[in-house]
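We did not get these values from a lab; they are worked out from the coordinates using the rules stated. Note that the coordinates shown come from a computational prediction; the quantities given were computed from them, not determined experimentally. Glycine gets a Cβ as well: all are built from the backbone with ideal geometry, and neighbour counts include every protein chain shown.
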Amino acid sequence: MSSGPSPVTWLPADGPGRPRPPSSSPHSSTSSPLTGTPPAPPAATIPCATPSPAAGRLPAGPCLELGSGTGLFTPLLTASFPHVISVDLSLRMLQQAHGRSPVRIQADASTLPLPDSSVTAIAAIDMLLFPTETARVLTHHGALLWINQLGSDGPLYLPAADVAAALPGTWQATESEAGWGSWAVLRRTR
């Protein structure tokens, strides 16, 4: 992974950011920002205009929003998940997300400061794919939501088959288009 822990800043919704001391390992279970996570309610459904039965129900539990930016899409995720963790490399963007994202973490998505199998869903909206870290922090029965707002015209577009092929293990994907964008739900099968 990396030569040492990456710096992390946690920004609670009701106050300014304060530094978190890095742990001896950014992936140890004792350094989880998920402490105090409330019990998960029943599984959420996919938030889209015409839900696809093929995509199934999303797992209940915490959702990791990668590349959250200013939190533009966070309210949509919080409507479907009991706990959303917004991660972005830019501290400035996370500060602008105040009021939209209750849990904001400044981190590099290539070395996430989360324990193995700690989130049940990952939302990557117009985000770079970090396949090893995505697979590491996602629970075995979790779901990756791969969303491209501009579909194949977007600079970060990858078809679901390419995303599945890049992820370690074997993955099943359900892909569709909405307007000019595209989305996919990927689940690990092995």
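Key figures
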| read-out | value |
| --- | --- |
| R0 of 41 Å, Cβ-Cβ distance Trp180-Asp116: FRET efficiency to nearest 0.05 | 0.65 |
| Estimated FRET transfer efficiency (Ser90, Arg190; beta-carbon r; R0 30 Å; 0.05) | 0.25 |
| Residues whose placed amide H lies under 5 Å from that of Leu158, excluding near-sequence neighbours | none |
| Packing-based ranking, highest mean first, of 120-133, 90-103 given that Cβ atoms within 10 Å are counted | 120-133, 90-103 |
| Linear extension gain, Leu128 paired with His141, 0.36 nm per residue minus alpha-carbon span | 2.5 nm |
| HN-Hα J in Hz across the stretch 145-155 - Karplus 6.51, -1.76, 1.60, θ = phi - 60°, x for Gly and Pro | 9, 9, 10, 10, 4, 9, x, 5, 7, x, x |
| Phi to ³J(HN,Hα) by Karplus 6.51 cos²θ - 1.76 cosθ + 1.60 over the stretch 93-106, Hz, x for Gly, Pro | 4, 4, 5, 6, 7, 3, x, 9, 10, x, 10, 10, 10, 7 |
| 3J(HN,Hα) from dihedral phi, the stretch 82-92, Karplus parametrisation 6.51/-1.76/1.60, rounded to Hz, x for glycine, proline | x, 8, 10, 10, 8, 10, 8, 6, 8, 4, 4 |
| Packing-based order for 175-181, 163-169, using average beta carbon neighbours within 10 Å, highest first | 163-169, 175-181 |
| Long-range amide H partners of Ala178 with built H, under 5 Å | Trp183 |
| Separation of alpha-carbon centers, the stretch 152-178 and the stretch 134-150, rounded to whole Å | 10 |
| Among 58-64, 69-75, the order from most to least packed when residues are scored by Cβ within 10 Å on average | 58-64, 69-75 |
